Each structure stands twice: as structure tokens, then as C-alpha cells.
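Report on the following structure.
The values are calculated or read from the model by the stated rules, or taken from the named source; none is laboratory data. This one's a predicted model, so the numbers in the text were calculated from it and none came from an experiment. Reconstructed Cβ throughout: ideal geometry from the backbone, glycine too, with neighbour counts over all protein chains shown. The protein model used for the area step is the full one, side chains on, heavy atoms only, and it has no ligands, DNA or RNA in it. Shrake-Rupley method; radii C 1.70, N 1.55, O 1.52, S 1.80 Å.
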Amino acid sequence: MSAAVRPALVQAVARSRRRRASRRGLVIATLAVLAVAAFAVTLMAGQTFYPPRDVVRVILGEQVTGASFTVGRLRLPRAVLAVVAGFSFGLAGVTFQTMLRNPLASPDIIGISSGASTAAAIAIVSLSLGGAQVSIFAIVSALVIALLVYTLAFRDGVAGTRLILIGIGIAAILDSITSYVLSRAAEWDLQEAMRWLTGSLNGTAWEQVLPALVALVVLTPVLLSRARDLSAMQLGDDTASALGVRVERTRITVIVAAVGLIAFATAAAGPIAFVAFLSGPIAARLVGAGGSLLVPAGLVGALLVLAADFAGQFAFDTRFPVGVVTGVLGAPYLVYLIVRTHRAGGSL
Amino acid sequence: MTTAHSLAAEALTLGYGDRVVVESLDLVVPAGEITVIVGPNACGKSTLLRSLSRLLTPRAGRVVLDGKEVHRMPAKQLARTLGLLPQSPVAPEGITVLDLVGRGRHPHQKLFSRWNSEDDVAVAAALEATRTTDLADRAVDELSGGQRQRVWIAMALAQQTDLLFLDEPTTFLDAAHQIEVLDLLTDLNHSRGTTIVMVLHDLNLAARYADHLIAIADGRLHTAGTPAEVLTEESVRAVFGLDSRIIEDPVSGRPLMLPIGRHHIRPGSHEWHHVNDGQS
Ligand SMILES: Nc1ncnc2c1ncn2[C@@H]1O[C@H](COP(=O)(O)OP(=O)(O)OP(=O)(O)O)[C@@H](O)[C@H]1O
Ligand SMILES: [Mg+2]
């Protein structure tokens, strides 16, 4: 067979390959530019407008009357957390969806985000913990929930449908626990409650942002280094092993890294509704099936959170937390997916 | 040309949970030949193939490739030597043929390395050999069963391994495409010396294309050898519980199995065999 491959065919293959790669590159570059633009707008616009010059001076650490407080203390941490949480949710979400070969298998649908959120709510509201302790609480709880869902779904291998249904059930239980914890707390206010129920960036302070940022910087390379293995695992465990992937090892690495991202981001911003769930499918639409979706989905997530938070603050008469806005975006897609899978014959 | 690889299973015991499926099986895969495994449903053919290619860790015994135990070899290194097309692979939604075939290059790619021209040549050769060039930009889930099967074979070919295992590569294919796939694998074997091991259900195609035929019954090796040695009326009865008549295939000179069911047997058909023999 290798006797003589027609050079024209080789060139056609190479051309098609390059066309795909450049489309992917273009999509990633566009998303990155849009995210940077949205980030800049968030810093400048608001109740008071500050020109780019003032914003840059604040970022460089200079004192600017008014701007130093509004931009430096209020808008900047909020915008950074929007990017960090959005990227974390998007990246972790698409990782789960790719690994389990199902768009419904996203961590915010199958209870992992709820696990982190419930733990964070208990830690803050009931145990009066703060900072790193909350993050640790959230990550341990998210890992335990991930393990629990996996174990309950395990019967001669993990079937997607069972895992998703069990995950949805566990998410419902956890969400009601969160509501209960919040309703029992004496001094909680509505803002705080909304954070743990749908996610919110209100009143973001730097000490909240930092752990999530560190987690993102550490865990993103771990996931990106497994991107090719994940692509092979989409072909089924047997095919992936035959292609030289250590399937079990990869699965554990990837689950721990993705759950870590979810937990740290949730401890900081709450389980911002549907961002993990939506980012992957949107990224897939943009870049097409085939290549790895990890980076595009992370960027889509960051962009979604930035835009939704901005809209929640300024687009309506009342201010809505970011999770309410993303929730309104995500719910119809969830309904669509469920309807579609039912049409396709009932199996997820 | 490929280097000759020796592959053997020694006292292999395989199972799932507490069920033993294959029990202390010894097997040699002749280098540079086409080996075909036959046996009834659920006798453990896929299980055996998965274990020979390291996908299933043996309960006891071992699989030895060139003197090394495959379950101890680095995964990617093994995947550059030995490829497997499983019985029911899954294609991600919307993936194109070109992308799917390209994934066969996985074991040849480093962690963050770029796609290179060697990969393009391998993919082009695989498309051409399986005659799927025209399908390259189509989505895999829009193809017919037979087209899809050829695309999967192309993916396995793109892996460019010296040993290639295929679990029922001819299911879903019409008669012409079955022959085409088996001819293609034989070409590969002749031109590159690729050692091929495959599971086939059609005994006559197995006898036609195998250099070495292995019959498995109930997780044990029943017989192994040339098609003429293995495909006999006795072995078909023992392995499949089927009465049959074996004649010489006028096309290839290899054994041809004619099954005897309960219907459509013309009176005195057992004599027909001898009459026919006399004429040739
Ligand atoms: N993943 C698994 N877990 C548990 N049991 C399994 C698994 N895979 C196969 N088996 C069992 O092992 C036995 C052998 O299965 P195997 O797939 O090897 O058969 P086969 O010879 O390839 O059959 P077929 O001709 O139908 O493909 C069967 O009884 C099957 O039920
Ligand atoms: Mg089988």
C-alpha cells in the first residue's frame, strides 16, 4: 500500500488539514480578542465611565482619584474572576462532555458543581470559615461527589445514561441542602444566597479570586497535555488503548483536574448556572467536530460570564446576579437536548 | 518491509469479574502471515484478541511479543508495533472521515508536536488503500455501514503497525466489499509483510484467506494449522455443533464448507459430494 501514494492526494490531505487548523486558529484568536475586549469594557463602563488611560494607570498601580477605588477595588477583581471562573467552567465542562461522550454529562448537570457549592455554603454560612478553607472544603466535597456518582453508576463499566440520571438526582438533593443551609442562617442576605444557588460575582474581593486563579494556572496545562488522549478516548476505550492511550490513568488525571477547576471556581463565584454545560457545544459549533475543544470552550466560558455579568448589572432595571442571566440562556438548550435525545430513540 | 515479530500466548487465562472466558490457552501467531480466528458466538474470540493487544490483563499466563511481555511494554511504543480495530468502535458525533483516519496517527505523535508531512502521507495512503478518498470530507455518522467499516480500517492502516488485529472487519459489508477488504489486507500482508490476525465468521472466507487458521471452542483452542488441517467436517461439528460437508473450493483449491441444516437437502445429497468429486 505504501508503494506509491499519489502526491496529489497527499497534498489534498495536507491542504484539508491546514484549512481546518487555520479555521480553529481563527476561532481561537477571535474568541480571545472578544474576551479581551469584553474585559476592557467591563473595566471602563459602569455607573461612571473611566477612559482607557485611567484604567491602564490603575492596573499599573498608580493612584487615580475615583478610578483607583472603583476600577482597582471593585471592577478589576470582578472582571478577573469572571474570566477565571468562566474559563474554568468552560474547560472543565467540555472535558467531562468529551470524556463521557455526552453533552449532558457536564459537571453542573451531574452534581459536581452542586457538591462544591453545597460545601462552600456550609463552610461559609454554617461554619463561618473563609478563604482557602472554603476552597479546600469545596474541592474535597466535589471529589467525593464525583466518586459517589461514578460508583453508583458503575455496573460492568460506566454507562452514560445511568451516570447522568444519578448525577441529576444527586444534584437535586445537594441543591435542596444548600437551600436549607441558607434558610437556616441568621445573617445571610439575598446576594449571598444567590451566589450559592446560581452563582454571582457581586462584591468580589481579591482574596476570593486568588485561589481560583492559581488553580486555573496549575490545572489548565494538566488538561491540555491530555487533550490528544481525550480525542482518542472519544473513539471508545478499546480503540484508545489500541492507539497507545493509558485509558484508566488518563481518566483519573483528567477527572481530578477538571473537578479541581470546578471546585475552586465554585468556591469563589458559586456554580454559575450552565456555563460548563453551554461552553463546549458552542465551541463545537464554532470550530467544528474533530479538533480539541478545550481551549475554545474555556474562552467561550470566559466570554459568556463576562458578557452575562455585564448584562446582569446594566441591561435591566434591577441588577441580576450573573447566574440568573446564564441560567436563562442555558435552560432552553437543556430542554432542546432532552427533547432531541427523546426523538433519537430514548437513549441519551 | 516490516521486521518479523514473534507473538505468542502462553497459558493464557482471561475473564471478566469472576467469570473465566478463556482458559490456559497456548497460541503462536506466525510472523508475516495472515491468521484467522474462528469460533461460535461468545466463545471468547474478541476477549482473546483484546488480550493479545494488551487491552485486557490476563488472569494468568502471558502474551509475549519479541521476547517481551506486552502488558509490561510502554503503551505508545506497543501501539507503533501493534494495532487493533475493535469489534464495535465509536465515532464522535460529526467527525469527518479525514479527522477520524488522522487519529490513527496518535501513537506516532509527541505530546505537543505538530502534525507533519509523514502523517499526511500515512493518512493519504490509508484512504487510497481503502478507497475512501472520495469520502474524506464527509461526516462519519452519515456513511453507510460498509463505508464506515472501510473508514475504520483506514484509521487502523494509518497507524502503520507491523502487526494488525481486526475483530470482524467484514461485518456490514456486502459480498464484493468483503472480498475487497480481505484482498486489501492480503495486499498489505504481501507488500509490507504485515502480520494480520483477524476474527471472521464466514468459514469459507476464513479458509480462503488464512495462512494459519485457529478454531476456538468455549475458550479453548480446538485446532490450529493450515485451513485444510483445521476446516474439517469433524471440527465444524465439534466447534459449531453443525453438520457439514467439506469440498474443495474450485476457485482457490482450499476447503469449502457446505452446512447441512434441517431443510433444503435434496435426496441422496451425501452421494452428490462423491459424484462431484469423481467429475473433477
Ligand atoms: N466487558 C465484558 N464484561 C463481562 N463479560 C464480558 C465482557 N466482554 C465479553 N464478555 C463475555 O465473555 C464471553 C466471550 O465474549 P467475546 O466478546 O470474547 O466473544 P466472541 O467470541 O467475540 O463473540 P462474538 O462472535 O459474538 O463476537 C461472553 O460470554 C461475553 O458475555
Ligand atoms: Mg467478538
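Couple of notes before you dig in:
- Heavy-atom surface of chain B, accessible at 1.4 Å and reported per residue (Å²): 45 Å²
- A simple packing score, the average count of other Cβ atoms within 10 Å per residue, orders the peptides A:121-130, B:190-199 as B:190-199, A:121-130, with the highest score first.
- Peptide B:126-136 shows a mean partner chain C-beta count of 3 within 10 Å per residue C-beta.
- Solvent-accessible area, 1.4 Å probe, carbon plus sulfur percent, for chain B: 49 percent
- Relative contact order of the range A:23-344, defined on C-alpha pairs under 8 angstrom at six or more residues apart (%): 30 percent
- Rounded to the nearest 20, the size of the Cβ-charge dipole of the range A:23-344 about its Cα centre is 700 debye, with Lys and Arg at +1 and Asp and Glu at -1.
- Cα centroid of the range A:109-180 to Cα centroid of the range B:101-141, whole Å: 41 Å
- Test item: A:282-291 mean partner chain Cβ contacts at 10 Å: 3
- Taken over chain B, the percentage of Cα pairs per 5 Å bin, counting from 0 up to the bin with the maximum distance, is 1, 5, 12, 15, 17, 16, 13, 9, 6, 3, 2, 1, 0, 0.
- Cross-link partners of B:Lys68 among lysines (Cα-Cα below 21 Å; sequence separation of 8 or more within a chain): B:Lys76
- Space enclosed by the convex hull of the alpha-carbon atoms of the range A:163-310, per residue, Å³: 127 Å³
- For chain B, modelled as a GNM whose springs connect Cα atoms under 10 angstrom apart, the maximal fluctuation among B:Leu200, B:Leu48, B:Leu27 occurs at B:Leu27.
- A viscosity of 0.890 mPa s and a temperature of 25 °C, combined with the Kirkwood radius over Cα pairs in Stokes-Einstein, give a translational diffusion coefficient for the range B:100-198 of 177 µm²/s.
- Nitroxide proxy distance, nm - points 7 Å out along Cα→Cβ at B:Glu118 and B:Glu10: 3.2 nm
- For the protein assembly as shown, alpha-carbon Rg relative to the globular expectation (2.2 N^0.38 Å, N residues): 1.16
- Extension gain, B:Thr171-B:Arg262: 0.36 nm per intervening residue step, less the Cα-Cα distance, totals 30.2 nm.
- Within the protein assembly as shown: Cβ-based charge dipole about Cα centre, in debye rounded to nearest 20 (Lys, Arg +1; Asp, Glu -1): 1820 debye
- Among A:Ala138, A:Ala185, A:Ala232: highest mean-square fluctuation, GNM of chain A, C-alpha pairs under 10 Å: A:Ala185
- Over the range B:141-186, equivalent-ellipsoid semi-axes from the Cα gyration tensor in Å: 18, 13, 8
- Think of a 1.4 Å ball rolled over the protein heavy atoms: chain A then has 44 Å² of accessible area per residue.
- Over the range A:46-172, the ratio between the Cα radius of gyration and 2.2 N^0.38 Å evaluates to 1.43.
- Residues of chain A were split at every exposed loop site, defined as trypsin sites (Lys or Arg not before Pro) in a DSSP loop with at most 14 other C-beta atoms within 10 angstrom, and the longest piece left, sites excluded, is A:156-318.
- The fraction of accessible area contributed by carbon and sulfur in the range A:23-344 is 68 percent, rounded to a whole number (1.4 Å probe; ligands and nucleic acids excluded).
- Alpha-carbon centroid distance for the pair the range A:41-94 / the range B:1-76, whole angstrom: 60 Å
- Relative to the longest principal axis of the Cα atoms of chain B, the long axis of helix B:175-192 lies at roughly 60 degrees.
- Placed amide H near B:Gly83: partners under 5 Å, 5+ positions off or other chain: B:Leu163, B:Leu164, B:Phe165
- Ratio Rg/Rh, restricted to the range A:23-344 and using Cα atoms, in which Rh is the Kirkwood radius: 0.97
- Candidates A:Ala215, A:Thr204, A:Val5 compared by Cα position along the dipole of chain A: farthest toward the positive end lies A:Val5, with charges placed on Cβ.
- Among the residues of A:16-27, the average count of other protein chain beta-carbon atoms within 10 Å of the residue beta-carbon is 2.
- Angle between chain A longest axis and helix A:275-287 axis [Cα atoms, degrees, rounded to 10]: 50 degrees
- Area buried, chain B against chain A - accessible surface, total, 1.4 angstrom probe, square angstrom: 3500 Å²
- Restricting the range A:221-322 to chymotrypsin sites (Phe, Trp or Tyr not before Pro) that sit in a DSSP loop and have at most 12 other Cβ atoms within 10 Å of their own Cβ leaves A:Phe316.
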